[in-house]
Amino acid sequence: MITIINFKTYKQGKQVLEFAKRIEKVDNSIIVGIPVSDIEEVSSKTKLKVYAQHVDNFQKGRNTGFIIPESVKAEGARGTFLNHSEHRLKLDVIRKTIQRCKKIKLETAVFASDLNEAKKIEKFHPDILIIEPPELVAGKISVSSAKPELIKKISKAIKRKFLVGAGIHSRKDVEVALKLGASGIAVSSSVMKARNPAFELRKLLGR
């Protein structure tokens, strides 16, 4: 099972590396979405697969305030997120950015809000496709319980492996998602805000 944990901006400074090391002790194959300022440290001091939370499709040069793919790769990132519900992109931008990342061998994990968007993004050949209904993100109700039919439809319509996210907070949520055809999960608040993150993560992974 593929597992992604998005740190978002829940932790800052030394907290980021400390939290990453807790995750590593549970499973060092987990993909973590790290703030850009912490990519180098987490990638060099853990065995986790580090992704940037976003990159911009700009060339090197006069582009103040943007994050280009080459920058995060140079810091040690293995990949990047694109089109999260909190950082939406137009389809043409997604396509061009995926192409750009492929050229420098930077993996892409691209979010889709529904089946229609997932079908369009699939054509761009991202490394990972993640389905997250935006209305369920950071909520108490999971996509597995609120929209199991969506997971089932995507499993039949999408030819590549996909993950599901949004509200995933229990082992049952994970089991339902896998049973319906998903290859893994993407989570954030259920782990990042937990009093005992390692325990919460082990619970989700069934360990």
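The values are calculated or read from the model by the stated rules, or taken from the named source; none is laboratory data. Keep in mind the model is a prediction, meaning the values are calculated, not measured. Cβ placement follows ideal geometry from the backbone for every residue including glycine, while neighbour counts extend to all protein chains displayed.
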Fill in the blank from the handout: Exactly one of 43, 29 is of a type in the set (S, T, N, Q), crowded, with 18+ Cβ neighbours inside 10 Å and not in a strand (DSSP E or B), and that residue is 43
Handout entry: Out of 113, 85, sole residue that is touching a Pro at 6+ places or on another chain (Cβ under 8 Å), at pLDDT below 95 and closer than 19 Å to residue 55 by Cβ
Key = 85
Exercise for the section: Looking only at the range 170-193, count how many residues are in a helix (DSSP H, G or I) and closer than 22 Å to residue 116 by Cβ. Expected result: 1
Fill in the blank from the handout: Counted residues in the range 82-110 being without any contact (Cβ under 8 Å) to a residue 40 or more places away in the chain and in contact with a Phe, Trp or Tyr (Cβ under 7 Å, 6 or more places away or on another chain) come to 4
Exercise for the section: Determine, yes or no, whether residue 167 is part of a loop (DSSP other than H, G, I, E, B), within 14 Å of the chain's Cα centre (by Cα) and at positive phi. Expected result: yes
Handout entry: Test: residue 67 is in contact with a strand residue (DSSP E or B) (Cβ under 8 Å, 6 or more places away or on another chain), at pLDDT 95 or above, surrounded by fewer than 22 Cβ atoms within 10 Å (Cβ to Cβ) and over 30 Å from residue 144 (Cβ atoms)
Key = yes
Fill in the blank from the handout: The residue from 130, 151, 141 that alone is in a loop (DSSP other than H, G, I, E, B) and aliphatic (A, V, I, L, M) is 141
Practice task
Test residue 124 against the criterion of being in a loop (DSSP other than H, G, I, E, B), aromatic (Phe, Trp, Tyr) and out of contact with any Asp or Glu (no Cβ under 7 Å at 6 or more places or on another chain), and give yes or no.
Solution key: yes
Handout entry: Residues of the range 164-178 classified as hydrophobic (A, V, I, L, M, F, W, C) and surrounded by fewer than 24 Cβ atoms within 10 Å (Cβ to Cβ), total
Key = 2
Handout entry: Filter result for residue 8 (in a loop (DSSP other than H, G, I, E, B) and either over 18 Å from the mean Cα position of the chain (by Cα) or at pLDDT 95 or above (or both))
Key = yes
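Each row is one residue, and each column tells you yes or no for (1) under 25 Å from residue 184 (Cα atoms); (2) charged (D, E, K, R).
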{"site": "54", "(1), (2)": "yes, no"}
{"site": "58", "(1), (2)": "no, no"}
{"site": "63", "(1), (2)": "no, no"}
{"site": "83", "(1), (2)": "yes, no"}
{"site": "92", "(1), (2)": "no, yes"}
{"site": "98", "(1), (2)": "yes, no"}
{"site": "102", "(1), (2)": "yes, yes"}
{"site": "109", "(1), (2)": "yes, no"}
{"site": "129", "(1), (2)": "yes, no"}
